[in-house]
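Note sheet for the following structure.
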């Protein structure tokens, strides 16, 4: 929803720029009205359109390589490569801002604004309707003239004209009524209602507010122009009535009103030279603008997707994963395996590799043209060609087993014609495999869940071993990354022996993805204990690694203590060298959280030495983090001292930087005569002056 709203905002902004550059000064007011209304509608309609692939500037998501036996056996590596960064990010979430949470709050803020502006819209409509039916009314044909009091400008809403008749002479009063009647006849209230609805959903977009203003302006220009075309109305008299009607109290934004705080613009447009019809060409540029938006940003579709599967020739039918059911094959025999490459005759990009057992084939034709087959539960691959030695080539055709689909459907696995049994054939997914999974408690199966399980060769023995390791209720969502990361019973027991007895699958996945094993955990804990002992004995040995004084990580501690620290240390590469480098600058007793914060912000011993040289020693770790987070450097400290603040503290500099009281600001204030000795006074001055 949010990307759609932002896309609509982008289109509305581009249309506003287009309008102000080319159309704003044109006197084709009726045409401008339809352009302004049309663009508001297009801003919300264009993002919903799909563009043919050949017209799109966006690339289609790359077609996945054919799911073949060989490719799918390598899926573990691919899954690891894709998931490790995400898992690392998950491991670091305790020391960084959770982006998803921020986005969630942004969504909440957006909808809060929508609700607020919607209530405002309803309140305005309610106030107008209340006035329309509670005040004295004069009926003039289809028009209702509602008499109001006070110094408010005349306005109209629906077929109601709100005016104080005691305020104007007869000539001005009649011109006001003529003006508002044109608004009503042209149904301008609908324009403003549409603009208000757009603002409800685009309240955050300043260009949407400007768009409504331009719409209101054009409606007034159009009404003025229509009124002046009547012979009974003189331009000078009408312009004089505008000056008489001008009032400081303006009506609600849902109304078309006589003044609209744009008196000068209206007078200028009434006296402007009429636009030449030859300038109408400017409006035609709106069409290519919209086409560009569609081609650049909209999701492309493939034309063939609009065709029914029955209309496609069987030989050219493409399945979900990019491989056709017929084409050419190239093979190499290696030991007891046959590596095959499949290529579609009419698609140079369709190039897919598989590895089969030699024993699965019927007799291979050697030295002469012949036929052979490969049969599995899902169907039969029919081959024509020959082998010369260990290499062969020819044609292939896949024939699905019609009873296979029915059997799988009984197990709850629906295989559509577009997907075909080809994927299941290449993975050699048997009905017995589905039954095995159900026997192990995985009853909520479908095609999308089954394919990765078979691709990673998750067997009953593997599932049993994981359950024996303590994860009796492990879900399919966790079982797939377990196998992809080569997590087995031995690894799980190793982590438990290292002290993490209350493991859950997510922790195991994170540990494995980070490359954390039992030895790393043992080193982490033994180093922490060594540091603890050294501190208690007053002995600062160089080989001490971690002061874990905030966490009990010895063997008697809770099994999950230090989990987040282990993850953070590994992901941030906090090692002995890093910790010992801070010992050299006087930090012999850093807590884990201090090390994590300093490492993540890039605090180095050289950074600390710079402050030592500037005259600041014994800086607390928390202060170092605060200084680094504000990008305060020793050079900045020198700049403040050069201004005469010799006794300035680091806390003062942090406060000055946070408020924008920079050395350049202080210099500019001194140039203006503000000569103060205290940095605090400049901070106070900056707070008063603001930006």
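The values are calculated or read from the model by the stated rules, or taken from the named source; none is laboratory data. The structure displayed is predicted, hence computed values, not measured ones. FYI the Cβ positions are ideal-geometry reconstructions off the backbone, even for glycines, and counts take in every protein chain you see.
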Note on residue 612: of the conditions (1) in contact (Cβ under 8 Å) with a residue 24 or more places away in the chain; (2) outside any helix (DSSP H, G or I), unmet is (2)
- Would it be correct to say that residue 264 is in the same structural domain as residue 215 (by TED's automatic domain parsing) and modelled with pLDDT under 75? yes
So the helices (runs of 4 or more DSSP H) completely within the range 412-466 holding 3 or more residues that are surrounded by 21 or more Cβ atoms within 10 Å (Cβ to Cβ) and within 32 Å of the chain's Cα centre (by Cα) are 447-455
Only unsatisfied item for residue 501, checking (1) within 19 Å of residue 434 (Cα to Cα); (2) surrounded by fewer than 20 Cβ atoms within 10 Å (Cβ to Cβ), is (1)
task: Test residue 363 against the criterion of being assigned to a loop (DSSP other than H, G, I, E, B) and assigned by TED's automatic domain parsing to the domain that holds residue 423, and give yes or no.
output: yes
Those strands (runs of 3 or more DSSP E) completely within the range 106-181 that have 1 or more residues that are surrounded by fewer than 19 Cβ atoms within 10 Å (Cβ to Cβ) and free of Cβ contacts under 8 Å to residues at least 12 places away in the same chain are 137-140
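When residues of the range 325-374 are filtered for being out of contact with any strand residue (DSSP E or B) (no Cβ under 8 Å at 6 or more places or on another chain) and at pLDDT 90 or above, how many remain?
Narrowing the range 325-374 to residues out of contact with any strand residue (DSSP E or B) (no Cβ under 8 Å at 6 or more places or on another chain): 334-335, 346, 348-349, 359.
Pick out the ones that are also at pLDDT 90 or above and you get 334-335, 359.
Counting residues in the range 325-374 that are out of contact with any strand residue (DSSP E or B) (no Cβ under 8 Å at 6 or more places or on another chain) and at pLDDT 90 or above gives 3.
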When the range 650-680 is checked residue by residue, the ones that are surrounded by 12 or more Cβ atoms within 10 Å (Cβ to Cβ), closer than 21 Å to residue 628 by Cα and free of Cβ contacts under 8 Å to residues at least 12 places away in the same chain are 662
Does residue 216 satisfy the criteria of being over 34 Å from the mean Cα position of the chain (by Cα) and touching a residue at least 12 places away in the same chain (Cβ under 8 Å)?
yes
Within the range 650-676, residues assigned to a helix (DSSP H, G or I) and over 15 Å from residue 623 (Cα atoms) come out as 659, 663, 664, 665, 666, 667, 668, 669, 670, 671
So is residue 647 out of contact with any helix residue (DSSP H, G or I) (no Cβ under 7 Å at 6 or more places or on another chain), without any contact (Cβ under 8 Å) to a residue 60 or more places away in the chain, outside any helix (DSSP H, G or I) and closer than 26 Å to residue 620 by Cα or not?
-> yes
Determine whether the range 585-592 contains at least one residue that is loosely packed, with under 13 Cβ neighbours inside 10 Å and either within 38 Å of the chain's Cα centre (by Cα) or free of Cβ contacts under 8 Å to residues at least 24 places away in the same chain (or both).
-> no
Residue hits (the range 261-280; in a loop (DSSP other than H, G, I, E, B) and within 14 Å of residue 22 (Cα to Cα)) are 275, 276
Does any residue of the range 386-407 turn out to be in contact with a helix residue (DSSP H, G or I) (Cβ under 8 Å, 6 or more places away or on another chain), in the same structural domain as residue 356 (by TED's automatic domain parsing) and part of a loop (DSSP other than H, G, I, E, B)?
-> no
Checked 193, 242 against criteria (at pLDDT below 90 and either assigned by TED's automatic domain parsing to the domain that holds residue 167 or touching a strand residue (DSSP E or B) at 6+ places or on another chain (Cβ under 9 Å) (or both)); the one match is 242
**Prompt:** Any residue at all in the range 475-497 that is farther than 30 Å from residue 352 by Cα, outside the structural domain of residue 569 (by TED's automatic domain parsing), buried (at least 20 other Cβ atoms within 10 Å of the Cβ) and touching a helix residue (DSSP H, G or I) at 6+ places or on another chain (Cβ under 7 Å)?
**Reply:** yes
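Conditions tested, residue by residue: (1) within 30 Å of residue 491 (Cα to Cα); (2) outside any helix (DSSP H, G or I); (3) at pLDDT 75 or above.
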residue	(1), (2), (3)
535	no, no, no
550	yes, yes, no
558	yes, yes, no
619	no, yes, yes
Any chance residue 605 is under 39 Å from the mean Cα position of the chain (by Cα), surrounded by 16 or more Cβ atoms within 10 Å (Cβ to Cβ), outside the structural domain of residue 568 (by TED's automatic domain parsing) and modelled with pLDDT of 85 or more: no
